[in-house]
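Report on the structure given below.
The values are calculated or read from the model by the stated rules, or taken from the named source; none is laboratory data. Since we're looking at a predicted model, the values are computed, not measured. Note: ideal-geometry Cβ built from the backbone for every residue, glycine included; neighbour counts use all protein chains shown. SASA here: full protein model, heavy atoms, side chains in, ligands and nucleic acids out. Shrake-Rupley method; radii C 1.70, N 1.55, O 1.52, S 1.80 Å.
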Amino acid sequence: MSFRKTISRLALAAALLGGLGSVAAKADGEIYFPLQSYRVGPYAAGGTGFFGGFIDYLNLINERDGGVNGVKFVWDECETEYKVERGVECYERTRSTHQPAGPAAYNPLSVGIAYALIDRATSDKIPLITINHGRTDSTDGRVFPYVFPLQLNPWSEASATVNYIGQQLGGLDKLAGKKIAVLYHGSPYGKETIPIFDLLAKKYGFEVTQIEVPHPGNEQQAQWLTIRRLKPEYVVLRGWGVMNPVALKTAVKTGFPVDHIIGNVWSNSEEDVIPAGDAAKGYVSVTTHPSGTEFPVVKEIVEKVYGKGVGNLEDKGRIGSVYHNLGIVNGILNVEAVRIAQAHFGNRALTGEEVQWGFDHLVLDDKRIAELGATGLVQPLQVTCADHEGGGAVKFQQWDGKTWNVVSDWVASDRALLRPLIEQSAEAYAKEKGIQLRDCSAANPS
Amino acid sequence: MDFLLEVLVGGLLSGVMYSLVAIGFVLIYKTSGVLNFAQGAQLLFAALTFVSLVEREVPFVAALAITLGAMVVIGLAIERFVLRPLVNQPPITLFMATLGLSYVIEGASQLLWGAQVHGLDLGIDDAPIEAAGIFISQFDLFAAGIAGAMVLALVLFFRKTRTGLAFRAVADDQVAALSVGIRLPRVWVAVWIAAGVVALVSGLLWGARLGVQFSLSLVVLKALPVLVLGGFDSVAGAIVGGLLIGAAEKLAEVYIGPLFGGGIEGWFAYVAALAFLLVRPSGLFGQKLVERV
């Protein structure tokens, strides 16, 4: 082990002991992102990749452009180990810092932490970004003004997956009479799509069986034997962490063809397939962004961030991996929201409330995506006051034993079907909490 | 009927994997009365060390030898810096010490080798064998063979070697063992090293099954109901307990699970163990303690 690695690991240990690792200098007039990261614990592989990508993008903007419109980004890391109570503690510790602007937004990458912060962040007027995950009905910005499940909420993901399976069978009408099993993680995240799969089964006439795998998912013999008895055409895997490779290995053990397993957006990384070895060959999964280093923005990060020795990933082989690229995409969306907000409020450090306005008006079209060097990496997005998802489409990728290969074009979700259900659920939440609905027709008529 | 048999066989083979972890607990408990909660962390450390060495192109056998050496050093360190200063302390103090130790070892493992997940290929084909319409995992059969060999080796060790007999004497009565000249610290060192070896074997097998990642340390949770059922101080109990828990939880998941919405195997094993505890507190094979008060 090199001296540099030893030093960096000791630094990590010191950061953990301190609870809060200050990565950048604190100063007024800077845009501040408090990061509730997880670099140790069972989900550290995902955490290091995602937060590594996010920090790498913020560093790129600082190094290349001197910040956004001359205002630099700063951030703190607070270790959560993916634990809700630690996530909340980190929030409480950072929410009032870096005044007068305060935190620009929180990006916890944890459904549990996000759920715990919804009321707090809303009351403190700080955006809570839950890219590709989170509470589905928080898509309804009338009820959840400060929560943004950007790109893809869980129901859209379920709908797009069924649409893809329909394509594979030769059309949505071919779904009738078929069997689909959904293997889900026994957590609020895993259970989020149960009603929507039931609804889609009813709409298209297929038979759905939803099977829970208890946390952490390191034992699935019983579930896969049940699947073997059912003989479904497809299995949708909604896993997390160790559950994913174990599912693939157990599928092989019980004779289920891996190329008929469709993993969701949290079952789609290199970390999910490498431990499964040969068992993962042919496995298909959802993605909102391909892996790879061929995108200009990733190349710039390699050249201008890693080239200057300030790259966040210790293992450079992980640059361009699924989690790292997701972190970069998350960075792009956060920075673009800040840029849009600055165009409205002025080129200075912004409050959370002002950054929320930027997210509320976040638009990424093909032209802007090309300017950012992210063509093919980020999907066109239009967030509005009422719609905090903005995208809702996915691609599908297949693991060949070494890399992920994209095997489909963008597959859209059935937003017309989902939107009334999202509104219904959000309105019920608003009623329960006594929340007054925002009038989005006035605030953002788009 | 075929399906029932398939679930049963799958459960028994999973149970063998639980037994592998439980044996490490039994070894420590039998000789020192300590419930070593750090067994899972030791397992993680062993697997992570081995796979990290192999990935750095250290030959398989050399990586195994180095990892074994590391487990010996850990065993020595635990005895010297944790157990010896706590000698004569109540069992709950020792248990808490191992709980703390588990966090230290987990943290040290990630600090030393990083947080990445790794694949571990032991060269055993995981394709199923079909026998009379039932799929049986080749890997699980291999693991069962390893578990059987390990139990046999432990039985021979306990019965035929001086150290093994010393283990048994200490397990039976520490004061009596001391009075006949058995050096307790040396026995403890030996038993922690033995537990380290068990952790290495089970770490490699579990690592090949799950991938080598932090979640490996959570497999201890699968061993606890096995120990309650089989008895904390019996190697045979660990095997039988593992088989019973493995089979029961799989059958329960498939046949009772749907009544509760599924996902019951995580807690069913504990319910079964709790029910058994009420009937037979020392477990199936555990030593019944009678104390004069």
>> Contact list please: Cβ distance under 7 Å, first residue in region A:152-176 and closer than 30 Å to A:LEU333 by Cα, second residue open to solvent by less than 10 Å² (accessible area, probe 1.4 Å) and of a type in the set (D, E, K, R), pairs at least six apart or on different chains.
In response: A:LEU152/A:GLU389; A:ASN153/A:GLU389; A:SER156/A:GLU389
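Scan the helices (runs of 4 or more DSSP H) fully inside region A:213-283 and keep the ones with 2 or more residues being open to solvent by less than 10 Å² (accessible area, probe 1.4 Å), small (Gly, Ala, Ser) and within 12 Å of another protein chain (Cβ to nearest Cβ). Can you show your working first?
Numbers: elements: A:221-230, A:243-253, A:270-273.
In region A:213-283, A:243-253 are the helices (runs of 4 or more DSSP H) which contain 2 or more residues that are open to solvent by less than 10 Å² (accessible area, probe 1.4 Å), small (Gly, Ala, Ser) and within 12 Å of another protein chain (Cβ to nearest Cβ).
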> For region B:1-104, which helices (runs of 4 or more DSSP H) that fit wholly inside it have 3 or more residues that are in contact with a Lys or Arg (Cβ under 6 Å, 6 or more places away or on another chain)?
Replying inline: B:2-32
>> Here are the criteria: (1) part of a helix (DSSP H, G or I); (2) touching a Gly at 6+ places or on another chain (Cβ under 7 Å); (3) surrounded by fewer than 17 Cβ atoms within 10 Å (Cβ to Cβ). Tell me which single one A:ASN347 does not satisfy.
In response: (1)
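The rows are residues; the columns are (1) open to solvent by 30 Å² or more (accessible area, probe 1.4 Å); (2) touching a residue at least 40 places away in the same chain (Cβ under 8 Å); (3) away from chain A (no Cβ under 13 Å); (4) among the small types (Gly, Ala, Ser).
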site: B:ALA194; (1), (2), (3), (4): no, yes, yes, yes
site: B:TRP206; (1), (2), (3), (4): no, yes, no, no
site: B:LEU227; (1), (2), (3), (4): no, yes, yes, no
site: B:GLY246; (1), (2), (3), (4): no, yes, no, yes
site: B:ALA252; (1), (2), (3), (4): no, no, no, yes
> So which of A:VAL143, A:VAL182, A:VAL147, A:VAL84 ends up being of a type in the set (A, V, I, L, M), outside the structural domain of A:ILE340 (by TED's automatic domain parsing) and in contact with a helix residue (DSSP H, G or I) (Cβ under 8 Å, 6 or more places away or on another chain)?
Replying inline: A:VAL182
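So, A:LYS299, is that one open to solvent by 10 Å² or more (accessible area, probe 1.4 Å) and either more than 26 Å from A:GLU271 (Cα to Cα) or modelled with pLDDT under 95 (or both) or not? First the steps, then the outcome.
On the way: open to solvent by 10 Å² or more (accessible area, probe 1.4 Å): yes; either more than 26 Å from A:GLU271 (Cα to Cα) or modelled with pLDDT under 95 (or both): no.
The answer is no for A:LYS299.
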> Name the residues in region B:64-117 that are more than 19 Å from B:VAL189 (Cα to Cα) and buried (at least 18 other Cβ atoms within 10 Å of the Cβ), would you?
Replying inline: B:GLU106, B:SER109, B:GLN110, B:TRP113, B:GLY114, B:ALA115, B:GLN116, B:VAL117
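Rundown of residues vs (1) surrounded by 14 or more Cβ atoms within 10 Å (Cβ to Cβ); (2) in a helix (DSSP H, G or I); (3) in contact with a helix residue (DSSP H, G or I) (Cβ under 8 Å, 6 or more places away or on another chain); (4) within 12 Å of chain A (Cβ to nearest Cβ), yes/no style:
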site: B:LEU120; (1), (2), (3), (4): yes, no, yes, yes
site: B:GLY123; (1), (2), (3), (4): no, no, no, yes
site: B:ILE136; (1), (2), (3), (4): yes, no, yes, yes
site: B:ASP140; (1), (2), (3), (4): yes, yes, yes, yes
site: B:ALA149; (1), (2), (3), (4): no, yes, no, no
site: B:VAL155; (1), (2), (3), (4): no, yes, yes, no
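Quick grid of which residues meet (1) at pLDDT 95 or above; (2) open to solvent by less than 10 Å² (accessible area, probe 1.4 Å):
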position: A:THR122; (1), (2): yes, no
position: A:ARG135; (1), (2): no, no
position: A:SER159; (1), (2): yes, yes
position: A:ASN163; (1), (2): yes, no
position: A:LEU172; (1), (2): yes, no
position: A:LYS178; (1), (2): yes, no
position: A:LEU183; (1), (2): yes, yes
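Can you confirm whether A:GLN436 is exposed (fewer than 14 other Cβ atoms within 10 Å of the Cβ) and not aliphatic (A, V, I, L, M)?
Values: exposed (fewer than 14 other Cβ atoms within 10 Å of the Cβ): yes; not aliphatic (A, V, I, L, M): yes.
Taking the combined requirement at face value, the residue satisfies it.
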> Taking region A:102-159 as the region of interest, how many residues are under 21 Å from A:PRO380 (Cβ atoms) and of a type in the set (Phe, Trp, Tyr)?
Replying inline: 2
> For B:ALA132, which of the numbered conditions (1) open to solvent by 40 Å² or more (accessible area, probe 1.4 Å); (2) in contact with a Leu (Cβ under 9 Å, 6 or more places away or on another chain); (3) at the interface with chain A (Cβ under 9 Å from one of its Cβ atoms) fails to hold?
Replying inline: (3)
> Quick one: would you say A:GLY390 is assigned by TED's automatic domain parsing to the domain that holds A:THR161, among the small types (Gly, Ala, Ser) and either in a loop (DSSP other than H, G, I, E, B) or free of Cβ contacts under 8 Å to residues at least 60 places away in the same chain (or both)?
Replying inline: no
> Looking at region B:116-157, which of its residues are in contact (Cβ under 8 Å) with a residue 60 or more places away in the chain and over 26 Å from A:GLU219 (Cα atoms)?
Replying inline: B:LEU154, B:VAL155
> Residues in region A:296-319: is at least one within 30 Å of A:ILE118 (Cα to Cα), touching a residue at least 60 places away in the same chain (Cβ under 8 Å), in contact with an Asp or Glu (Cβ under 6 Å, 6 or more places away or on another chain) and of a type outside the set (Ser, Thr, Tyr)?
Replying inline: yes
> Which of the residues that make up region A:379-404 are over 21 Å from A:TRP155 (Cβ atoms), surrounded by 21 or more Cβ atoms within 10 Å (Cβ to Cβ) and β-branched (Val, Ile, Thr)?
Replying inline: none
> Is one or more of the residues making up region B:205-222 modelled with pLDDT under 90, among the β-branched types (Val, Ile, Thr) and touching a helix residue (DSSP H, G or I) at 6+ places or on another chain (Cβ under 6 Å)?
Replying inline: yes
> Applying the selection to region B:239-293, what residues are under 22 Å from A:VAL213 (Cβ atoms) and among the hydroxyl-bearing types (Ser, Thr, Tyr)?
Replying inline: B:TYR255, B:TYR270
> Before we move on, is A:ALA430 in contact with a helix residue (DSSP H, G or I) (Cβ under 7 Å, 6 or more places away or on another chain) and either buried (at least 16 other Cβ atoms within 10 Å of the Cβ) or closer than 21 Å to A:VAL68 by Cβ (or both)?
Replying inline: no
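Before we move on, is A:ARG339 touching a residue at least 40 places away in the same chain (Cβ under 8 Å), surrounded by 14 or more Cβ atoms within 10 Å (Cβ to Cβ) and touching a strand residue (DSSP E or B) at 6+ places or on another chain (Cβ under 7 Å)? Outline the logic, then answer.
On the way: touching a residue at least 40 places away in the same chain (Cβ under 8 Å): yes; surrounded by 14 or more Cβ atoms within 10 Å (Cβ to Cβ): yes; touching a strand residue (DSSP E or B) at 6+ places or on another chain (Cβ under 7 Å): yes.
Yes: the conditions hold for A:ARG339.
Using the structure shown, decide if A:THR293 is touching a residue at least 60 places away in the same chain (Cβ under 8 Å) and either of a type in the set (Val, Ile, Thr) or closer than 25 Å to A:ILE262 by Cβ (or both). Don't jump to the end; show me each part of the working.
Values: touching a residue at least 60 places away in the same chain (Cβ under 8 Å): no; either of a type in the set (Val, Ile, Thr) or closer than 25 Å to A:ILE262 by Cβ (or both): yes.
Taking the combined requirement at face value, the residue does not satisfy it.
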